[in-house]
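To start, the structure itself, in structure tokens.
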Amino acid sequence: MTRLAIMSDLHIDLNHFGRYEENCLLQVLNEKGIDHLHFAGDISNHFYETTLPFMLKLKEHVRITYNLGNHDMLDLSEEAISEADFKCSPLNDTTMLLAFHGWYDYSFFSEMDEAGNLRFKKQFWFDRRIKRPNSDPQITEAICIKLEQILKSNSDKRIIVAMHFVPHQAFLLTYPKLRPFNAFLGSPKFHQIFTKYSVTDVVFGHNHRRIKVQKYDGILYHSRPLGYSKEWRLTNDFLKANPQLISPTAWTPNKRFAAIHKNENFLAYKATHLKEELASAMTIFEID
């Protein structure tokens with residue numbers, strides 16, 4: 001039997017993961033009997049400097065696989081990005097984990113044309129720092145072609161998909177000022193392809209929103225990204241219990257977190273509840 005855990009968006013550099021955080025993660029994996037941990041992207045901004053050493057430490061205790069998110073691609077060549085893409089891991093004779101990065105094609109924000117979305121991306125989106133040789137729609141189209149080929153050749157298996165980007169419009173941002181960023185979340189083409197083959201479950205991240213499992217066209221969608229520490233449940237719980245620490249003008253997540261991130265009581269609370277936070281950011285499959 002295999003117990004597979006899938007996590008995404010750890011951002012270990014921005015979340016200042018050190019030995020304590022690594023040990024907490026290992027303790028959770030041990031307590032839950034996990035023998036295979038898959039990272040579905042955005043482990044850190046620096047793959048060779050930060051992500052690889054982190055995974056090598058964990059690999060001493062548990063099987064590690066991964067796919068990349070946009071943050072992971074920052075220091076990587078297109079060749080390295082391609083080499084890490086589309087990895088198939090048999091979980092038993094009839095079940096396979098298919099891990100691929102994904103990308104976006106602006107179709108989640110069709111109110112703006114391709115040129116307009118590209119201008120917006122170059123002004124405001126992290127990925128303006130990533131140098132890729134083709135346009136975003138071209139990259140996504142190539143991914144979809146390869147995805148369909150792999151799924152077609154494994155149609156006799158149950159497929160669990162791990163990817164970074166958003167594969168269905170049900171998971172988009174709804175706040176009006178944030179809706180333009182939907183252009184860079186993913187593509188509905190992924191779901192359309194999944195429905196044609198033996199995909200039963202899809203685990204994704206990227207948008208930093210933990211959701212309850214949702215079913216669309218017979219496919220179960222899971223998303224439990226860890227996200228930035230300012231977004232964590234433990235942070236929100238601490239703020240609710242200590243409203244006196246927050247100025248009435250500190251209503252944004254950045255301002256609220258800035259007010260407490262060095263507070264001794266918060267740091268103690270964070271240390272106490274970190275294992276719960278990590279556990280809540282895992283999607284677990286038990287494969288006989």
Taking the chain as a Gaussian network, where each spring joins two C-alpha atoms under 10 Å apart, which residue of E114, E148, E79 fluctuates the most? E79
XL table K57/K152; K121/K152; K32/K212; K122/K215; K240/K275; K146/K230; Cα-Cα > 31 Å flagged, in table order, is K57/K152; K121/K152; K122/K215; K146/K230
Calculate the length of the line joining the C-alpha centroid of region 87-153 to that of region 13-71, in whole Å. 23 Å
Region 2-287: relative contact order in percent, alpha carbon pairs under 8 Å with at least 6 residues between: 23 percent
Take region 2-287, compute every pairwise Cα distance, and split them into 10 Å bins from 0; I just need the percent in each bin. 6, 28, 35, 24, 7, 1
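Among DSSP beta bridges lying fully in the chain, give the percent that are antiparallel, nearest 5.
Numbers: 12 of 34 bridges.
Around 35 percent antiparallel, to the nearest 5.
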Which aspartates and glutamates, if any, have their Cα less than 16 Å from the Cα of K196, not counting same-chain residues under 8 positions apart? E148, D156, D217
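Stick to the Cα atoms of region 1-114, pair each with every other, and give me the Kirkwood hydrodynamic radius in Å at one decimal.
On the way: mean 1/r = 0.0648 Å⁻¹.
Over region 1-114, the inverse of the mean reciprocal pair distance is 15.4 Å.
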From phi via Karplus (6.51, -1.76, 1.60), per-residue ³J(HN,Hα) for region 266-276 in Hz, x at Gly/Pro: 5, 4, 5, 5, 4, 4, 5, 9, 4, 4, 5
Could you give each residue of region 49-55 its phi-based ³J(HN,Hα) in whole Hz, using Karplus coefficients 6.51, -1.76, 1.60 with θ = phi - 60°, and x for Gly or Pro? 6, 10, 5, 4, x, 4, 5
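Dividing the alpha-carbon radius of gyration of region 141-288 by 2.2 N^0.38 Å (N being the number of residues), what value is obtained?
On the way: Rg = 18.9 Å, N = 148, 2.2 N^0.38 = 14.7 Å.
Cα Rg divided by the expected 2.2 N^0.38 Å: 1.29.
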Total charge dipole magnitude, region 2-287, about the Cα centre, Cβ charges on Lys, Arg, Asp, Glu only, Debye to nearest 20: 760 debye
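FYI, it's all coordinate maths here, none of it is from the lab. Source: prediction; values computed, not measured. Because the Cβ atoms are built from the backbone with ideal geometry, glycine has one as well, and the counts that use them run over all protein chains shown.
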